[in-house]
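Read the structure below first, then the notes.
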Amino acid sequence: MKDSNMRNLSFDEARAILLNSVSKAVSTESIELSEAVGRILAIPLIAPFSLPRFTQSAMDGYAVISEGAQHVDTPLTVVGKSLAGHPYSGELAAHECVRITTGAPMPRHADAVIVQENTRTTGQQIVCLQAAGKGDNIRLKGEECAAGDTLLGTGVLLNPAHIGLFATFGENSVSVYKKLRVAIFTTGDELKSTGESLTFGTQFNSNGPALAAYLKQFPVDLVTQQHLPDNYDIIKQSLIEASRTADLIISSGGVSVGEADYVHQVLQEVGQLSFWKVAIKPGKPFAFGQIGRTQFFALPGNPVSSLLTLKQLAEPAVVKMSGGQPKAIYSAWAVSNAEIKPNKSRLDFQRGIAFKDTDGKLLVTPVEKQSSAMLTSLIQANCLIWVPPGKEIIPVGTRIEIEWLNW
């Protein structure tokens, strides 16, 4: 597709094309449960038994038959103990009780627990300081889930709570999708690696480390992380080689309209350019395409543009290719606490600081410096302000949508 035939896509159009164009690119493997945090579940977790497995106490106290403990100052005889891992084996009668700890099985016929703080001990008896009601302070068998319930579906990004749930059922391994193989390239003759000496007109490469760090929150294997000079032939050869081993190539820089911006031109020659340019700020010169079966996301070179297009456009596709479920945008509505200047033709992701005033109203203020070259704007912000295109200044007191930044 020729550049001249391409129009600026809206943000929603670009995201839809990305998600509709990519598919799961990985097979499955079984790994140790201890290694599964941050991986994507490939087989649903179906409960092999009920939780709890038995009716149990939810508190430390005394297991009772509620009908025999319905009145304050009722005396009950302590006939035994039911401890976690050491259940009471006898039966309970009215006006009897069993000392019980949290998680211990309820004795037969017992249907309530009086918490320890609501009793007074007198020899082998207790006196109820509070009446017992049926079901008080107990966890019923199957209350959390029944055997056969589907607890986790495929595509879940596993977190520590998920690991604990697998362990609850005695699992020591889990089936997950293999890691997505990703190649990262940064471009630009002006960029130097940390450890090199800077000369006039050069700067250190922040995009490579930042993009790699961002991708670490997903199950990816960085097969290549390389910086390329502004040389058409070197860029072309490097991208072709990466396409042979990577499921996804992500580049930064060389995608705008500068004299040495070769990336999207190379993509047109050796692959397919699906779209180039999105009506957003920052991040307009974002390109998407393929080289063979390898997907290609070409991000802008400015540091803020690079990170935000990875987050807003590329991330959902990365998650889908990894076998996961793209997250919904975590947004809220706030009231502008300062004037906001929109872009005339593009959706503007302005970096903002949201906070609640003394009345609990959510307010938002743009950070002072919004340049796409300034990473400090992202560091200062806790949200993105979704500023729609327009010509008029947005006044103080306007209701506006924000997206929380959860790095």
The Cα radius of gyration of region 254-379, divided by 2.2 N^0.38 Å with N its residue count, comes to 1.25
PRE zone check, label point 7 Å out along Cα-to-Cβ of Phe49, amide N under 20 Å, scope region 126-154, hits 139-152
Can you order the peptides 219-225, 313-319 by their average number of other Cβ atoms within 10 Å per residue, highest first?
313-319, 219-225
May I ask you to order 383-396, 325-338 by the average number of other C-beta atoms within 10 Å around their residues, highest value first?
383-396, 325-338
Would you please give the residues with an amide H less than 5 Å from that of Thr119, counting only those at least 5 places away or on a separate chain, with H modeled from the backbone geometry?
Leu129
Roughly what % of DSSP beta bridges within the chain run antiparallel, to the nearest 5?
65 percent
If R0 is 51 Å, what FRET efficiency do you get for Gln217 and His86 from their C-beta distance, rounded to 0.05?
0.75
Helix-derived [θ] at 222 nm for the chain: sum -39500 (n - 2.57) over DSSP H runs of at least 4, divide by residue count, nearest 500?
-4500 deg cm²/dmol
Ratio of Rg to Rh over the chain (Cα coordinates, Kirkwood Rh, two decimals):
1.17
For helix 232-243, what angle does its Cα long axis make with the longest principal axis of the chain, in degrees from 0 to 90 and rounded to 10?
30 degrees
Report the FRET efficiency, 1/(1 + (r/R0)^6), for Glu190 and Leu19, where r is their Cβ-Cβ distance and R0 is 35 Å, rounded to 0.05.
0.55
Past 18 Å, Cα to Cα: identify those pairs from Lys284/Lys344; Lys179/Lys277; Lys24/Lys179; Lys341/Lys369; Lys178/Lys327; Lys281/Lys391, in the order given.
Lys179/Lys277; Lys178/Lys327
Run the quick spin-label model on Thr121 and Thr376: label points 7 Å from Cα toward the beta carbon, then report their separation in nm to one decimal.
6.4 nm
If I stretch the segment between Ser331 and Thr358 completely, what's the gain in nm (0.36 nm per residue apart, minus their alpha carbon distance), one decimal?
7.5 nm
Give me the distance in nm between label points sitting 7 Å out from Cα along the Cα-to-Cβ direction at Ser27 and Gln225, one decimal.
2.8 nm
What is the sum of charges, Lys and Arg at +1 and Asp and Glu at -1, for the other residues whose Cβ falls under 13 Å from the Cβ of Glu67?
-2
When a/c is below 1.5 the answer is rounded, else prolate if a/b is larger than b/c, else oblate, so apply that to region 331-404 with a ≥ b ≥ c taken from the square roots of the Cα gyration tensor eigenvalues.
oblate
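Read the figures in this text as sums done on the coordinates, not as results from a lab. Model, not experiment: these values are computed from the prediction. Note: ideal-geometry Cβ built from the backbone for every residue, glycine included; neighbour counts use all protein chains shown.
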